[in-house]
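Peer 1: Here it is, the structure in full.
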């Protein structure tokens, strides 16, 4: 089953994967070898910490490999969505009640990061925005209640 992912998101994951495989994995392997050299492994905190790091790193490598293998990578800049909000669109919104402006890009689940303005295509706000155009309003069912947004601008960058 393929999952959508932006080109930028795929590149970011590939860079993390390269870091894990070429820098972190060798560093951890070396730390394990050094800890083993200290003798008794049963009470060797350095050895157990390095093994825990190794387990985390290998798990992350497997997760990223799988995510990239299943990804349907979409070049957002090549989209012709006719001015509608689709996967990959960057949207400027106005919260009608508070007059606060926010900007979000709708991305795949693997690359979502609300602190960077990247929201998952499966999130309530993305689902409320998909298919809308500039000037439309969207009601988002949030935990605090319905939030009404006015769509100010749509970009495919």
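Peer 1: Could you give the angle, 0 to 90 degrees to the nearest 10, between helix 25-36's Cα long axis and the longest principal axis of the Cα atoms of the chain?
Peer 2: It is inclined by approximately 30 degrees.
Peer 1: Give or take rounding to whole Å, what are the principal axis extents of the alpha carbon atoms in the range 3-74, in descending order?
Peer 2: Ordered largest first, the range 3-74 gives principal extents of 51, 17, 13 Å.
Peer 1: Could you tell me how many degrees, from 0 to 90 and to the nearest 10, lie between the Cα long axis of helix 45-70 and the main elongation axis, the longest principal axis, of the Cα atoms of the chain?
Peer 2: Rounded to the nearest ten degrees, it is 40.
Peer 1: Quick one: Kirkwood hydrodynamic radius for the range 76-155, alpha-carbon pairs, angstrom, one decimal?
Peer 2: 12.5
Peer 1: Continuing with the same structure: Roughly how many nanometres apart are two label points built 7 Å out from the Cα toward the Cβ at residue 144 and residue 34?
Peer 2: Output for this residue pair reads 4.8 nm.
Peer 1: If you don't mind, another one. Give me 91, 102, 23, 140 sorted ascending by neighbouring Cβ count inside 10 Å, so fewest comes first.
Peer 2: In order of increasing Cβ crowding within 10 Å: 23, 102, 140, 91.
Peer 1: Which of these, 92, 40, 139, has the largest mean-square fluctuation under a Gaussian network model of the chain (Cα springs below 10 Å)?
Peer 2: 40
Peer 1: Taking only DSSP H segments of four or more residues, each worth -39500 (n - 2.57), what value at 222 nm results for the chain once the sum is divided by all its residues, to the nearest 500 deg cm²/dmol?
Peer 2: The helix contribution divided over the chain gives -12000 deg cm²/dmol.
Peer 1: Follow-up question, since we're still on this one. Kindly state, to the nearest 0.05, the FRET efficiency for residue 153 paired with residue 80, given R0 = 22 Å and r defined as their beta-carbon distance.
Peer 2: 0.80
Peer 1: Which of these, 18, 30, 132, has the largest mean-square fluctuation under a Gaussian network model of the chain (Cα springs below 10 Å)?
Peer 2: 30
Peer 1: Relative to the longest principal axis of the chain, what angle (0 to 90°, nearest 10) does the C-alpha long axis of helix 7-19 take?
Peer 2: The helix 7-19 is inclined about 10 degrees to the chain.
Peer 1: Moving to a separate point now. Rounded to the nearest 0.05, what FRET efficiency do residue 122 and residue 52 have when you use their Cβ-Cβ distance and R0 = 35 Å?
Peer 2: 0.65
Peer 1: What are the semi-axes of the equivalent ellipsoid of the chain, taken as the square roots of 5 times the eigenvalues of the Cα gyration tensor, listed largest first and rounded to whole Å?
Peer 2: 43, 18, 11
Since every read-out is calculated from the coordinates, none of them should be taken as a lab result. Predicted model, so just to flag it, every value in this text is computed and none were measured. All Cβ positions, glycine included, derive from the backbone under ideal geometry; neighbour counts span all protein chains shown.
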